[in-house]
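No lab work stands behind these numbers, since they all come straight from the coordinates. In this text the structure is predicted, and so the values were computed from the model without any measurement. Methodologically, a virtual Cβ is constructed for each residue, glycine included, from the backbone with ideal geometry; neighbour enumeration extends over all protein chains shown.
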Amino acid sequence: MDESRPIFLQIAEQVENDIIEGVLREDEQIPSTNELAAFHRINPATALKGVNRLVDDGIVAKRRGIGMFVAPGARARLIERRRADFAAEYLRPLIIEAEKLGIDIDELAGLLRAERIQS
Amino acid sequence: MTRTVVRASGLTKRYGSFTAVEAVDFTVEENRIYGLLGRNGAGKTTIMQLLTGQIFPTAGELEVFGRPPAEHADVLRRMCFIAESQRYPDAYKPLHLLRAAPWYFENWDEEFARRLVDDFRIPLNRYVRKLSRGQLSAVGVTIGLASRAPITFFDEPYLGLDAVARHVFYDRLLADYAEHPRTIVLSTHLIDEVANLLEHIILIDQGRLLLDRDAEEVRGSATTVAGTRATVESFTADRPVIGREHLGGQASVTIDGRLDLAERLRAKELGLELSPVSLQQLIVHLTGTDLHAGSAGEEAAA
């Protein structure tokens, strides 16, 4: 766990990542709060807070007496949201560092392309 | 919703001219795990002794399950207190202690106790005086967990316990708490180890309450900003400062309060390094000498 941010956000993000990467598919059951708590060695109330955030965002839905399931369309909505944050989260810091090092925008684009070919 | 099981207001304990606990106000809500944190001699043990009715307050109000705990059998039988360096009669064996425990704890789970004995490898048939400090701590932790008391106090429960045994304790505590929710108050100085287990934090320093907050609110609530002195000073100028260090032209200032994405980007543009502050580091800042030096405290108040 990362020290800088609330754990419940990180729990929510990890489940989101599993949905985006297809580890958890739509209509599939997500781990219970007790399973999340035991796995991450965190307080169950914190795990519940993370799951509740996913419920509030409509990413997972509760089926009474059974558990939490990935909501239909969750993956598409998550990707849309992550794309909206992509520039601020990843591009701005990259550009700031590039400017500091005197890398202009064309050179940066070239570096990105070269990196992509390598990987 | 949750029920308040402990209510302390103006709680004070004096020993002659020494004030161990001074006008402390807090509540404990049912079925949560609390961390009672602070430096050695801060007053943690005194507060636990007050809550468990072992000593009387000098002043203030204290209710546990709706009544003052001291001399109220119906309150006392609902609690389990595992003291720091808990002692047991020398002529006893762990076997005897575990046999006697259900007389005091009505929720005692014999099977769970047996499993913990195996987990901690407690020699049941050895005299208490022959047990190592770690084995004695393991006996205390076993009794504390298997008692399943509605409110359980662990005061620095793991003197002499090795890292493996401590993690057994954390894992069993979490698993059992999930199945049998109850109120747990844990006092420890191994803050980073237990930080994620806690739901709420009560921080005591020199007998006073310094912080009473949800653990999730505390996490990430402080940031250290490092870089060239002038830039750091201007970036942190209007924020509550809780720690400050200088080295030549460089400065490292810890501020209370979260930074949003725009502020983090601005810091990066200014060439500043931001780093998260762990709960343990935050407590070091809050209870350390740098705050008591005066100037930082005034800035935090401003």
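For region A:75-118, just run the numbers: alpha carbon Rg, then divide by 2.2 N^0.38 Å, N being how many residues it has.
1.40
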- line: A student asked for the Cα radius of gyration and Dmax of region B:1-155 in angstrom ought to give 16.7, 48
Sequence-distant lysines (8 or more away, or on other chains) whose Cα lies within less than 22 Å of B:K130: B:K93
query: Dipole size in debye (nearest 20) for the protein assembly as shown around its Cα centre, Lys and Arg Cβ +1, Asp and Glu Cβ -1?
result: 1440 debye
message: Going Cα to Cα from A:K49, which lysines come in below 23 Å? Please leave out same-chain ones fewer than 8 positions away.
response: A:K62
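Largest first and in whole Å, what are the equivalent-ellipsoid semi-axes of the protein assembly as shown based on the Cα gyration tensor, each being the root of 5 times an eigenvalue?
On the way: eigenvalues 379, 177, 78 Å².
Equivalent ellipsoid of the protein assembly as shown: 44, 30, 20 Å, largest first.
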query: Using a cut-off of 22 Å between alpha-carbon atoms, which lysines can reach B:K44, once sequence neighbours fewer than 8 places away in the same chain are excluded?
result: B:K13
- prompt: What's the long-distance tail for region B:58-144, i.e. % of Cα pairs beyond 20 Å?
  reply: 42 percent
task: Could you give the size of the charge dipole of chain B about its Cα centre, using +1 on the Cβ of each K and R and -1 on the Cβ of each D and E, expressed in debye and rounded to the nearest 20?
output: 1060 debye
message: With viscosity set to 1.306 mPa s at 10 °C, what whole-number translational diffusion coefficient in µm²/s follows for chain B from Stokes-Einstein and a Kirkwood radius over Cα pairs?
response: 75 µm²/s
field: chain B, relative contact order in percent, only Cα pairs under 8 angstrom and at least six apart counted
entry: 18 percent
